[in-house]
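Asker: Please read through the structure below; I'll follow up with questions.
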Amino acid sequence: MSAMKRNQSVATIATRPRKALASFLAASCLAMLLPLASPLASESKPGKVLVVMSYDEHNDSEIEIAQGINETLTGPRLRYVYLDAKNHLEQAAANAKKAYAVFQEFQPDIVISADDTAQEVFVLPYLQGKTSTPVVFCGVNDSASQYGFPNAQVTGIVEKKHYRQSIDFAQLIDPGIKKIAVIYRDTPANEINLDQITREEKDYGVTISTIVDVTSSAELVATLHRLEHTVDALLVLNLAGILGPSGETMKQNAAMALAAQTWTKASIGASKNDIEQGILCGVAKVNLEQGQVAGRMAKEILLGKTPAEIPATENKNGQRIINASTASRLGIKLKPMVLIGTTLVR
């Protein structure tokens, strides 16, 4: 064999270990990457989420909560059912039974339950301790402990109204506010709201002299005319469901607009919708936040966490809002310091 051929043979033999080493390293790198593919794949697993809403699909808070859920849960298949408790509380239990039939047919990986009625007539009777399906609640007023939440199966976000902040904001607009009245329709949700007000009242910086529940538009108007002579401002809770002039059930927008039009002093609300209907001002809870947080919690569960590993929380965000038309009607001049960071509606 010539020297050239020997050198070629040696060269050929020498390249084999290098090719083998390269193949080995490539295979090793691939093997190292493969375990990482499983969690990434699980992130894209769609899953199925059943959302049980306490009210109807036209309710402003439910629309905003759904928006937050939809923005956060873009992969999973979502299905919504509505219990219509705001308009027809007496039918909520029957609607919950129908929702459970949907649950059985849909077989969701997670249930998101919005507002208190959904916990009372759906989660507690049908899910908690009776199925293994994780539940994420949102929109629960003030405290979730009344339902035994959180627990190994259930976590979520509590909704606290910004009553103290709303009253402080009203006093910033009108420093003469010292005594206020609270008016509301007697409902389970408002009972919880009143419990919060009673606990916090000592920190409000005003005196709550009167708390009145009304059942009809006529009673509402008469009560407001009477209270105008005794208090400086009015804190209005939910009025949906009071009876109108012809005995019809009034929607929240119409009832709140009637209260705003009748009252001739400063009025305070705790939701954007109430202020849009004519209530003077308030620091509104952000319903979008409820949906976004619930959606993030559901996503974590889809990725493998248990509800027990996700701490329950409460809303943090508030939005200062003034109805500029109402302020103008009442002759209130809005100072620059009041307008900073404030949303104006008409």
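Each value in this text was obtained by applying a stated rule to the coordinates, not by laboratory testing. Model, not experiment: these values are computed from the prediction. Note that we place each Cβ from the backbone using ideal geometry, even for glycine, and neighbour counts take in every protein chain shown.
Asker: Divide by every residue of the chain the summed helix terms, -39500 (n - 2.57) for each DSSP H run of at least 4, and state the resulting mean residue ellipticity at 222 nm, rounded to the nearest 500 deg cm²/dmol. Mind dumping the intermediate values first?
Answerer: Values: 11 runs with 146 residues, N = 346.
Calculated mean residue ellipticity at 222 nm is -13500 deg cm²/dmol.
Asker: To continue, here is another question. Of 109, 195, how do they rank once you tally other Cβ atoms within 10 Å and put the fewest first?
Answerer: Working: 109 18, 195 14.
The most exposed by this proxy come first: 195, 109.
Asker: Please work out how much length the chain gains when fully extended from residue 196 to residue 70, using 0.36 nm per residue of separation minus the C-alpha to C-alpha distance, in nm with one decimal.
Answerer: 42.4 nm
Asker: Can I ask one more? Dividing the alpha-carbon Rg of the stretch 81-195 by 2.2 N^0.38 Å yields what? Kindly include the intermediate steps, with their values, before the conclusion.
Answerer: Working: Rg = 17.4 Å, N = 115, 2.2 N^0.38 = 13.4 Å.
My calculation over the Cα atoms of the stretch 81-195 gives 1.30.
Asker: Around residue 161, which amide H atoms from residues at least 5 apart in sequence, or from another chain, sit under 5 Å from its own amide H, with H modelled in the peptide plane?
Answerer: 142
Asker: Okay, next question. Would you mind putting 52-60, 121-129 in packing order, based on average other-beta-carbon counts within 10 Å, highest first?
Answerer: Values: 52-60: 21.3, 121-129: 18.9.
The peptides rank, most packed first, as 52-60, 121-129.
Asker: Kindly state, to the nearest 0.05, the FRET efficiency for residue 329 paired with residue 132, given R0 = 41 Å and r defined as their beta-carbon distance. Please report the intermediate quantities before stating the final value.
Answerer: Values: r = 56 Å, r/R0 = 1.36.
After rounding, the FRET efficiency stands at 0.15.
Asker: While we're here: At what distance in nm do the modelled label points of residue 339 and residue 87 sit from each other, each positioned 7 Å from its Cα along Cα→Cβ?
Answerer: 4.0
Asker: Tabulate in residue order the Karplus-calculated ³J(HN,Hα) for the stretch 326-341, using 6.51 cos²θ - 1.76 cosθ + 1.60 with θ = phi - 60°, rounded to whole Hz; enter x for Gly and Pro.
Answerer: After applying 6.51 cos²θ - 1.76 cosθ + 1.60, I find 5, 4, 5, 4, 8, x, 8, 8, 8, 6, x, 5, 6, 7, 5, x Hz.
Asker: Could you size up the charge dipole of the chain around its Cα centre, putting +1 on the beta carbon of Lys and Arg and -1 on that of Asp and Glu, and report it in debye to the nearest 20?
Answerer: Values: 35 positive and 35 negative charges, 446 e Å.
Dipole about the Cα centre, nearest 20: 2140 debye.
Asker: If the cut-off is a Cα-Cα distance under 19 Å, which lysines reach residue 272, setting aside same-chain residues fewer than 8 apart in sequence?
Answerer: Partners within reach: 86, 160, 161, 251, 285, 316.
Asker: Follow-up question, since we're still on this one. In nm, what is the difference between 0.36 nm times the number of residues separating residue 313 and residue 77 and their Cα-Cα distance? Write down the numbers at each step before the final one.
Answerer: Working: separation 236, 0.36 × 236 = 84.96 nm, distance 2.51 nm.
Contour length minus the Cα-Cα distance gives 82.5 nm.
Asker: Classify the stretch 179-258 as rounded, prolate or oblate from the Cα gyration tensor: take a ≥ b ≥ c as the square roots of its eigenvalues, call it rounded if a/c is under 1.5, otherwise prolate when a/b beats b/c and oblate if not. All intermediate terms of the calculation are to be shown ahead of the outcome.
Answerer: Working: a/c = 2.69, a/b = 1.47, b/c = 1.83.
Taking the square roots of the gyration eigenvalues as a ≥ b ≥ c, the stretch 179-258 is oblate.
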